[in-house]
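Here the structure is laid out as structure tokens; the discussion comes afterwards.
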Amino acid sequence: MKNTILWLRNDLRLHDNPALCEAAQRGQVIPLYIYDEDRQNPWPMGGASKWWLHHSLTALAKELQKHNVPLILRRGDAQRILLELAEESGADMVCWTRSYAPYEMARDERITKALGQKNIAVKESQGFLLFAPEKIRTQQGGCFKVYTPFWKACLKQGNIAQPLPMPKIEPCDRSPASDRLEDWGLLPSQPDWSGGFAQWQPGEAGAQMRWEKFLNGPLENYSNGRDMPGIDNTSRLSPHLHFGEISPRQIWHSVEFHKMMRQSTIVSQHLDKFLAEMGWREFSYHLLYHFPQLPELAFREDFRDFPWSKDQSLLQAWQQGRTGYPMVDAGMRELWHSGTMHNRVRMIAASFLTKHLLIPWQEGAKWFWDCLLDADLANNSAGWQWVAGCGADAAPYFRIFNPVLQGQKFDPDGEYVRKWLPELRDVPKKYIHCPWQMERVPEGYMLPVVEHGFARDRALKAYGQIKKPFSTG
DNA sequence: TGAAATGTTGGGGCG
DNA sequence: ACGCCCCAACATTTC
């Protein structure tokens, strides 16, 4: 029996963790998390994500401790640390869950080689996605560029294995040294801006609670309710999924179970709708896998020399939630304070940045990356490209959200807006999404930074500029 | 997983 | 009673 290092990354859970099972069945296990601030990583973890990581690791360590297994924490170059720890502990294998982001894939390949030279084997397991991106192919064998046929192909493939139970873990009797999590400085200080994050409970138990909570309420009206930011009708699972505190196949099988138990067409439809949203996650990784420049470069070539604006003060107004459009500003302040933003509002805020302000989608993606607790390279990049109109299966560029109409449609009472913009608390419903039309403009709230009709025409004109070479060709 | 402009229809007011 | 206009209400097209 040999020792095995379990290198935990975005799979911070003990149930349905194939890498953990692989390691556990070989003998003694050394669960390891490495905090690697490699400067070569183009997308180092953002501020909000670090907060989540801190608490997720705390939860994981506590859970492992219940089984007398220590979680080893080490900071620094992943390759060096793995080689060192293997040497110290006599481990001859490293198990991990496969990653799909470009930097991580290249890193894993490099490390596999380096370990191999020292006769340390690597066992890579699947667990982060339902469908491996390279396994889903079009008839012609290429990658999908449209969501619906992609998801249909996934569903046709089906065959999602049952979740694995948590194995019995035998700790390593040599007990390697570990960093103290507090010393990593993952939590914000001076100022501590994480006060609004209290609603979250990072970790596997928190993830399971969220899922149960979703099944016991929001599910009943998911298809429509998911679009209403004023009510808590989404799953709020995204950060848990990103850190691997719950696996997509646990969700998949739970969905199947509830479909069977509930015997209700309506409930099944809601559950399918929810799975379809998981499908977008799969689609995003499919795109990122086949087009690794997705985070930086427009998927559609004709968008690559789009006449974007570089106006820093408008970018800042957007970041700070000071555009004068309540729906946009409420979203941006929700993001800043709570580390999340309702999906419907993400679309509105993103549309506003790229179409009303003509600021590059990459700027928005960077801001989200730093502020979101669920910051995920594939989802974030694909989402922004989708809104900007340059992505795969994207919203057509001329589909420009009117922030007033969107507000009236999805936040009819202004509940959401009032929550995040206290200066608009007393504005009557009629004007809650267009306070500038009031006789007396509410104090403390700004006028729109740009007039909608003007911005719309300008955006359409800009679109015409890039489209020309193609319509004449 | 839009919005605005344009086109069409049909009911009712009114000369 | 009839034609005409107005204009919701809905449908289609365009961006």
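The values are calculated or read from the model by the stated rules, or taken from the named source; none is laboratory data. Remember, it's a predicted structure, so these values are computed and weren't measured experimentally. No Cβ is skipped: glycine too gets one built from the backbone with ideal geometry, and neighbour counts run over all protein chains shown.
Brief remarks on what is shown
- Test: residue in segment A:89-102 that is in a helix (DSSP H, G or I) and without any contact (Cβ under 8 Å) to a residue 24 or more places away in the chain: no
- Within this structure, A:Ile400 passes the test of being outside the structural domain of A:Phe283 (by TED's automatic domain parsing) and within 16 Å of DNA strand C (Cβ to nearest atom).
- Only listed residue being under 18 Å from A:Trp280 (Cα atoms), in contact (Cβ under 8 Å) with a residue 24 or more places away in the chain and not β-branched (Val, Ile, Thr), chosen from A:Gln408, A:Gln385, A:Gln362: A:Gln385
- Scanning segment A:246-274 for residues that are of a type in the set (A, V, I, L, M, F, W, C) and over 21 Å from the mean Cα position of the chain (by Cα), we see that the one that is nearest to A:Leu130 (Cα to Cα) is A:Phe257.
- For segment A:388-405, a tally of residues being in contact (Cβ under 8 Å) with a residue 60 or more places away in the chain and more than 23 Å from A:Glu296 (Cβ to Cβ) returns 4.
- Any hit, segment A:417-435, residues being farther than 30 Å from A:Gln293 by Cβ, in contact with a Lys or Arg (Cβ under 6 Å, 6 or more places away or on another chain) and free of Cβ contacts under 8 Å to residues at least 12 places away in the same chain: yes
- Qualifying residues in segment A:186-223 (those that are closer than 20 Å to A:Met45 by Cβ and of a type in the set (S, T, N, Q)) - the one surrounded by the most Cβ atoms within 10 Å (Cβ to Cβ): A:Ser194
- Positions within segment A:23-33 being in contact with a Ser or Thr (Cβ under 6 Å, 6 or more places away or on another chain) and either outside the structural domain of A:Ala86 (by TED's automatic domain parsing) or surrounded by fewer than 23 Cβ atoms within 10 Å (Cβ to Cβ) (or both), in sequence order: A:Arg26
- With respect to (1) closer than 30 Å to A:Val255 by Cβ; (2) in a helix (DSSP H, G or I), the lone exception for A:Glu124 is condition (2).
- Residue that is nearest to DNA strand B (Cβ to nearest atom), among those in segment A:438-457 that are surrounded by fewer than 16 Cβ atoms within 10 Å (Cβ to Cβ) and under 29 Å from A:Pro396 (Cβ atoms): A:Gly453
- Here A:Ala382 fulfils each of the conditions (1) away from DNA strand C (no atom under 16 Å from the Cβ); (2) surrounded by fewer than 24 Cβ atoms within 10 Å (Cβ to Cβ) apart from (2).
- Some residue of segment A:402-421 being more than 18 Å from A:Thr323 (Cα to Cα), surrounded by 12 or more Cβ atoms within 10 Å (Cβ to Cβ), hydrophobic (A, V, I, L, M, F, W, C) and in contact with a helix residue (DSSP H, G or I) (Cβ under 7 Å, 6 or more places away or on another chain): yes
- A:Ala19 in contact (Cβ under 8 Å) with a residue 40 or more places away in the chain, among the small types (Gly, Ala, Ser) and more than 28 Å from A:Trp369 (Cα to Cα): no
- Taking segment A:276-300 as the range and being part of a loop (DSSP other than H, G, I, E, B), among the aliphatic types (A, V, I, L, M) and surrounded by 20 or more Cβ atoms within 10 Å (Cβ to Cβ) as the test, the residues that pass are A:Leu294, A:Ala298.
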